[in-house]
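The values are calculated or read from the model by the stated rules, or taken from the named source; none is laboratory data. Bear in mind the structure is a predicted one, so any value in this text is a computation, not a measurement. Neighbour counts run over all protein chains shown; Cβ positions are idealised from the backbone, glycine included. What goes into the accessible areas is simple: the full protein's heavy atoms, side chains included, and nothing from ligands, DNA or RNA. Shrake-Rupley method; radii C 1.70, N 1.55, O 1.52, S 1.80 Å.
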Amino acid sequence: MMASIRVNALRLVIYPNDHGPPHVHVMGPGWELKVRLKEPPELVAVLGKPKTAELAEGLDAVWRHLRELTQMWGRLHD
């Protein structure tokens, strides 16, 4: 079962069968970011065409929820 956090119109998703290194998928309307869970979060991939403000919002959401997302990754993958 995947784990997710809702932040406004975004979903931060961690899949249990996903590969390392630890990362989260940020789902927005018509786009997706793959962000590595580290300090600071590292943008790995962009699917679709998020606006600059959406990209910033997605990265900020990961940064604000980094501890919780890292714990979720650990519960699903350790």
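Applying the criterion of being outside any strand (DSSP E or B), among the hydrophobic types (A, V, I, L, M, F, W, C) and more than 9 Å from the chain's Cα centre (by Cα) to the residues of segment 27-57, the residue that is surrounded by the most Cβ atoms within 10 Å (Cβ to Cβ) is LEU55.
Give the residues of segment 1-26 that are assigned to a strand (DSSP E or B) and either hydrophobic (A, V, I, L, M, F, W, C) or over 14 Å from ALA61 (Cα atoms) (or both), sorted by residue number.
Kept after step one, since they are assigned to a strand (DSSP E or B), are these residues of segment 1-26: 3-7, 10-14, 23-26.
Correct list: ALA3, ILE5, VAL7, LEU10, LEU12, VAL13, ILE14, VAL24, VAL26.
LEU12 meets each of the listed conditions (1) surrounded by 12 or more Cβ atoms within 10 Å (Cβ to Cβ); (2) free of Cβ contacts under 8 Å to residues at least 24 places away in the same chain; (3) under 13 Å from the mean Cα position of the chain (by Cα) apart from (2). Could you check how many residues of segment 16-26 are modelled with pLDDT of 95 or more and open to solvent by 80 Å² or more (accessible area, probe 1.4 Å)? Adding up the residues that qualify gives 0.
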